[in-house]
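What follows is a set of notes on a single structure, which appears directly below.
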Amino acid sequence: MALKVLSALDSAKTQYYHFKAIIIAGMGLFTDAYDLFCIPPIMKLLGRIYYSDGADRFQIPNAVVSPMLALALLGTVIGQLVFGRLGDLIGRRRVYGLALMLMVLSSLACGFSICTTKQCVLGSLGFFRFLLGVGIGGDYPLSATIMSEFANKMTRGAFIAAVFSMQGFGILASSTVTMAVCKIFEATTTRDNDVNKRQHQADIAWRLILMLGSIPAAFTYYWRMTMPESARYTALVEQNVMQAAKDMEKVLDVSISQIAEEYPLPPSPPQYPLISKRFLRRHGRDLFACATSWLLVDIVFYSSNLFQSKIYHQYIDGNGHDQTMNAFEEAFKVTRHQAILAICSTISGYFVTVFFIDRIGRVAIQALGFFFMGVIYLAIGVPYSHKWSEQHNFGFMFLYALTFFFANFGPNTTTFIVPAELFPARFRSTCHGISGAFGKVGAIIGTVAFLWASQEDNKNDKGVNETGVTTALLILGGVCFMGFAITYFFTRETMGRSLEENEKEDDSDALCFLRCLTKSSLRTNSPRNNNEVAVNADAP
């Protein structure tokens, strides 16, 4: 027994609006990935501009890189918690545009980082990237929740995965734009021996790369502001069933007579708050599984993504940091390998997930992804010091690329999907934000820990800190096996069920609901009413 409008959403055929929603929601993830993953080559450019003296020429100290990376991720944690909660309190659509606008303005502000001195530029860049992270964090729970509430139950996983797959294209776009900008600026500087002028041009280049990331998001702002509110939020949280039907009449291209209720429905007040023992009893296990799985996968995913150049830099030029290269050559080579991995493993992993997510289920994909990632990290970590650290070892690169494939055909995608399907409508965005915030805490742990573990104070003549990299790879493998255990023992399957069916109910709640339903039927004296009363899993 469900509202007609919700049943219509669950059984709707794939149509134009589904693809439009994927683009609208996905462009935020596209911009998220662009902004987060364009920073490694930008740090190379900044190192060439502001750290051209000293023993470690052109290298930004870890004490500077760590907070620069952590600030954006910390902002993401705050954005997920704040915007996730606002999405449940005042509506998904009302705060959706705000998160996007914050991302656009912060991207532009990063490029306009004030001053010209090293301390001032890096300080202002860190501040604006923190604000950018807040906007990025807000986009995660809202995009996932909106897509899950618009999709039908048979292809919901594929639609949400398609939204998340835009992250792969964002990584590829950041690499493509960076390579294009580097090549253009390199062509204009090769015949100029003025060091100050070359540094000035490099300073313009990194600002341009950051600012270009705001363009795709800006194009979707109008669509976000004109899209209707989610029918599930309007009907189940605001309890305005008629308005939900009117909104979905335009979206589903059906007559309102087919999705409107024939009898007015009495309001159903919330039965328990978010912070309560009953919430923990009914949803605590799911929240634990979602948050812990996301934390563990982001430890692995972000440390590997943001520090690819530290893992494979000996495969770039065989000499770690070749000081004979100019700034644009170094940034180009780092970005080129990032683009190759995005094409060969990251994007392909996303699309394999889109194809299989509604066929074999979320739990199976997440468990298999964690397991194979763990096996591969052990395979490249255990023999690293005497085998994989050799120059141009393509076996290592192949296995390393497979970790990105199984991350995306695995927990990196499913941890985005499952929290948007498990929780009641009035808690859905909040719980997704909490889960994602735990993930970004894991990202902070992974990036900072890997950065210091792989630092080059004790590097050998190959330019590799073998002990640090080996330790980091083995730890990442162990983290993956922990994720496998959490998935196997705690994560519930959501495939093929409506969002309301995924909400766990106590027997007492079901009995109470049936009593209320019987009374309502007697009051209306209509035998048809029993089939048309809304069911809200949270209603008493």
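For region 458-476, the count of residues that are at pLDDT 50 or above, in contact with a Lys or Arg (Cβ under 6 Å, 6 or more places away or on another chain) and not in a helix (DSSP H, G or I) is nonzero. For G433, the conditions (1) buried (at least 22 other Cβ atoms within 10 Å of the Cβ); (2) at positive phi are fulfilled apart from (2).
Considering region 113-172, and only residues there that are part of a loop (DSSP other than H, G, I, E, B) and closer than 23 Å to I39 by Cβ, the residue that is most open to solvent (accessible area, probe 1.4 Å) turns out to be T116.
The values are calculated or read from the model by the stated rules, or taken from the named source; none is laboratory data. None of the values given here were measured: they were computed from a predicted structure. Heads up, the Cβs are rebuilt from the backbone with ideal geometry, glycines too, and the neighbour counts pull from every protein chain shown. Areas reflect the complete protein model, heavy atoms only, side chains present, ligands, DNA and RNA absent. Shrake-Rupley method; radii C 1.70, N 1.55, O 1.52, S 1.80 Å.
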